[in-house]
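Please treat every number below as a calculation from the coordinates, not as lab data. Just so it is clear, the model here is predicted, and its values are computed rather than measured. Every residue, glycine among them, receives a Cβ derived from its backbone with ideal geometry; neighbour counts consider all protein chains shown.
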Amino acid sequence: MAAVPQRLHLKLNVNGEAAPVSFAPYKTLLEVLREDLGLTGTKHGCELGECGACTVLVDGEPVLSCLVLALECEGRRIETIEGLARGAELHPLQAAFADLGGSQCGYCTPGVIMTAKALLDKNPDATKEQIKEATAGNLCRCTGYLQITEAVERAAGVLREEAK
């Protein structure tokens, strides 16, 4: 029986950059992002895949990073909330959340924004119902969801204008 390595040495693609990292093979993507790469925007929530606070995009799809082993992500494109801003300018989703009160305590916000980004990347004309459905797995205890939906709708409009 082959021995399990104590540490893996991989190069992950995080926010468009190669990120060499060494970690124990049992670590989740959430743990590697936060503990090994210092990207603390992705939040520890329930660590059971039930709250959505840890959502990141892997190859453009929303993924609960607490349920994915980091070693499964080698060669895949990982996007976190830290990679969303355009230099010093906020992404339209980030700006809309700030302007419309889409985040209050802010703990769920990175996961909600990443989920919304995946939706708008695929469907820039998403309806209110589609936004609600896409973000249904992101739990928020503060806003009551109305401001979240309004922020995603506003960002969708800005992104559509930018695409023209």
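Please return the ranges of strands (runs of 3 or more DSSP E) entirely within segment 1-93 where 3 or more residues are in contact with a helix residue (DSSP H, G or I) (Cβ under 9 Å, 6 or more places away or on another chain).
Output list reads 8-14, 17-23, 55-58, 61-64.
May I ask you to list the residues in segment 80-96 that are touching a residue at least 24 places away in the same chain (Cβ under 8 Å) and either surrounded by 22 or more Cβ atoms within 10 Å (Cβ to Cβ) or in contact with a Ser or Thr (Cβ under 7 Å, 6 or more places away or on another chain) (or both)?
Those that are touching a residue at least 24 places away in the same chain (Cβ under 8 Å) and either surrounded by 22 or more Cβ atoms within 10 Å (Cβ to Cβ) or in contact with a Ser or Thr (Cβ under 7 Å, 6 or more places away or on another chain) (or both): 80, 81, 92, 93, 96.
Whether any residue in segment 98-106 is surrounded by 15 or more Cβ atoms within 10 Å (Cβ to Cβ) and in contact with a Leu (Cβ under 9 Å, 6 or more places away or on another chain) is what I want to check.
The answer is yes, given that some residue of segment 98-106 is surrounded by 15 or more Cβ atoms within 10 Å (Cβ to Cβ) and in contact with a Leu (Cβ under 9 Å, 6 or more places away or on another chain).
Quick check: anything in segment 75-84 under 13 Å from the mean Cα position of the chain (by Cα), of a type in the set (A, V, I, L, M, F, W, C) and more than 21 Å from residue 10 (Cα to Cα)?
Checking segment 75-84: at least one residue is under 13 Å from the mean Cα position of the chain (by Cα), of a type in the set (A, V, I, L, M, F, W, C) and more than 21 Å from residue 10 (Cα to Cα).
Any residue that is basic (Lys, Arg), crowded, with 23+ Cβ neighbours inside 10 Å and assigned to a helix (DSSP H, G or I) - is there at least one of those in segment 130-142?
Within segment 130-142, not a single residue is basic (Lys, Arg), crowded, with 23+ Cβ neighbours inside 10 Å and assigned to a helix (DSSP H, G or I).
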